[in-house]
Amino acid sequence: MRILFITDPLDTFKTYKDSTYAMMVEAVERGHELFACLQSQLSLSAHQVEAVVRPLQLTGDAHDWYRAGEPGLQPLTGFDAVVMRKDPPFDMEYVTSTWLLELAESQGANVFNKPQAIRDHSEKLAIARYPEYITPTLVTRDADRIRAFHAEHRDVILKPLDGMGGMGIFRVGAEGLNLGAIIETLGENGARTLMVQRYIPEIKDGDKRILLIGGVPVPYSLARIPKDGEVRGNLAAGGTGRAQELSARDREIAEALAPGLWEQGLLLVGLDVIGDYLTEVNVTSPTCFQEITQQTGFQVAAMFIDALEHAVQARSR
């Protein structure tokens, strides 16, 4: 297959942990051709969605890891698969990219994850579709309602709806220290909607990333353990990753959500679970492939490329 990856700049990849890099390595080992472009290189011209792409060769060197050929303008329909792996922020440029990719789909391109599903799935708000699996949650701009929620639950987490990597997450305990200042700052004095949740003390055991690939859960999660003094387990916030088998509750949540998410065209999903509670449904560019593989031997990237190959074959029938 000819596979186009839409990514962040290649020079920013940390190959020892990057999931997109793991996908690329597995694809090359199977004889697939790699191409890459940036989100900014997508365009529409003469009714055709196209991109400035470069062929990619992997060197096997962890640092000087690729050789890119000459850039050229190509229609997205010229690839067997287009894999959207641009990291958030999910801003209007990201939304515009989903519109272009959706148009490319209508022209015959195979895009993963499905652009409409990415656009329609707020990674924070999507949990509200599964109320039986979430901790008490409030989404509002109203400062008085946030204060009332805190008075009821005593220990809460506040976060913006568009953050990533643990950015902008605050815990407020029973004493309510700085609650007003946090509401004002995070909510920009009522201009931004916030999510407030009852604190889940099991965060000490890790914020578990559960991967769903082609509607099937990976049998291991990566529990991201917060460093001392933190409530955020995100690896980007200094957390430590520990791979572990799915618990009975993890599997219950994963198996309940997987079929519906797959039916929406989401080939790869990253569920975040703390204790027994679902906290996020990540669909933009879920990670943790390499950490799970390195610690357990389970070949996550192979499972992903298997699913990608099967999905492309199914669409070509």
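Filtered by the rule that a residue be modelled with pLDDT of 95 or more and charged (D, E, K, R), the range 83-114 gives Arg85, Lys86, Glu93, Glu102, Glu105, Lys114. Criterion applied to Leu177, Leu125, Leu161 was being surrounded by fewer than 18 Cβ atoms within 10 Å (Cβ to Cβ) and touching a residue at least 40 places away in the same chain (Cβ under 8 Å), and the one residue passing it is Leu125. Report, by residue number, each residue of the range 256-278 that is within 19 Å of Thr135 (Cα to Cα) and either outside any loop (DSSP other than H, G, I, E, B) or within 18 Å of the chain's Cα centre (by Cα) (or both). The answer is Ala256, Leu257, Gly270, Leu271, Asp272, Val273, Ile274, Tyr277, Leu278. If I filter the range 134-144 for residues that are of a type in the set (A, V, I, L, M, F, W, C), part of a helix (DSSP H, G or I) and over 23 Å from the mean Cα position of the chain (by Cα), do I get at least one hit? So far as the range 134-144 goes, yes, one or more of its residues are of a type in the set (A, V, I, L, M, F, W, C), part of a helix (DSSP H, G or I) and over 23 Å from the mean Cα position of the chain (by Cα).
If a residue has to be of a type outside the set (D, E, K, R) and outside any loop (DSSP other than H, G, I, E, B) to count, how many in the range 159-176 make the cut? Break it down stepwise before answering.
To start, the set of residues in the range 159-176 that are of a type outside the set (D, E, K, R) comprises 160-161, 163-170, 172-174, 176.
Narrowing further to those that are outside any loop (DSSP other than H, G, I, E, B): 160, 170, 172.
Within the range 159-176, residues that are of a type outside the set (D, E, K, R) and outside any loop (DSSP other than H, G, I, E, B) number 3.
If Ile3 satisfies every condition in (1) β-branched (Val, Ile, Thr); (2) assigned to a loop (DSSP other than H, G, I, E, B); (3) crowded, with 23+ Cβ neighbours inside 10 Å but one, which is the exception? It is condition (2) that Ile3 fails. Being under 9 Å from the mean Cα position of the chain (by Cα) and either among the acidic types (Asp, Glu) or assigned to a strand (DSSP E or B) (or both) is true of Val281.
The values are calculated or read from the model by the stated rules, or taken from the named source; none is laboratory data. These numbers come from a predicted model, not from an experiment. Heads up, the Cβs are rebuilt from the backbone with ideal geometry, glycines too, and the neighbour counts pull from every protein chain shown.
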